[in-house]
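Here is the structure we will look at.
Here, each number is a calculation from the coordinates, and none is a lab measurement. Quick caveat, the model's predicted, so the values are computed rather than measured. Positions of Cβ are backbone-derived with ideal geometry, glycine not excepted, and every protein chain shown enters the neighbour counts.
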Amino acid sequence: FYAMMREQKEISTSLANVEDAIAFMEPYLKAEEDIFYIAFSSGLSGTCQAVMLAIEELKDKYPERKIYCVDSLAAALGEGLLVYYAFQNRENGMTIEENVNWVEEHKLKLCHWFTVDDLFFLKRGGRISAATAIVGTALKIKPVLHVDDEGHLIAMENVRGRKKAIHALVKKMQETIIEPEKQEIFISHGDCLEEAEYLAQKLKEALPVKNIMLNILDPVIGSHAGPGTLAVFFMGEH
């Protein structure tokens, strides 16, 4: 997938609709399973709204089942980290209602910090202007971005050079993380494993983190952020 992107092949994403959501969830309800769906940020996609509309239909059809949806206001392994915690909560005996409340209460403490290597992918997705992409590339500008409380991607600062961008991610984490010794830290990368490992090493040097998990960035987010994207996800003060 990332090789295709580097070759500038045509890549697009599409919205999951209500019918898709029903088709995905209904087999679980037929099997008498309850559902807790943690949705991709409504600030980046209409998928959450489609799922909520599907749930309203399914509640009428399966009134005996519990079906919940939480808008994660998160993306990629940020959403994944919420799913990870929700899974741990379930394994530790939390009820589905308690788990829904826990995720709602903690989702705005989940921090996303990331940088991209190629500004033209952000330009293609409408995140920055063509002029910004051209000038930024010429000056080797690397943006440091995060996800705000409404689930939108926001550029926070610009640095010159890749290494400085990686060090900026470490600094942002140092500023807001809570109880790092108890946390699982997630890092995702757009087919740049060596740099992800370098980021993990720098995080371990800076903070007494419990554990760091690395994984490749999924194609949906990757198609908008591009190869070379690096992101770190953790629980922070806000």
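What to note about this one:
- Fluctuation leader among L193, L217, L203 - the chain, Gaussian network, Cα springs under 10 angstrom: L193
- Rounded to the nearest 20, the Cβ-based charge dipole of the chain about its Cα centre (Lys and Arg +1, Asp and Glu -1) stands at 1280 debye.
- Crossing angle, helix 193-206 versus the chain [Cα axis fit, 0-90 degrees, rounded to tens]: 90 degrees
- Against the main long axis of the alpha-carbon atoms of the chain, helix 18-30 sits at an angle near 50°.
- Global form of segment 5-100, assessed from the alpha-carbon gyration tensor, a/c cut-off 1.5: oblate
- Filter on K182/K202; K66/K210; K66/K182 - keep pairs with C-alpha separation over 28 Å: K66/K210; K66/K182
- In the chain, a dipole from Cβ-located charges (positive for Lys and Arg, negative for Asp and Glu) runs towards its positive end, and of A54, I166, F186 it is I166 whose Cα lies farthest in that direction.
- Computed magnitude of the charge dipole of segment 15-71 (debye, nearest 20; Cβ of K, R +1, Cβ of D, E -1): 80 debye
- About its Cα centre, segment 1-135 has a charge dipole of approximately 600 debye under the convention of +1 per Lys or Arg Cβ and -1 per Asp or Glu Cβ, with nothing else charged.
- Beta bridges per DSSP, both residues in the chain: antiparallel share near 65 percent.
- Karplus-derived 3J(HN,Hα), 6.51/-1.76/1.60, for each residue of segment 182-190, Hz, glycine and proline x: 9, 9, 8, 9, 10, 10, 10, 9, x
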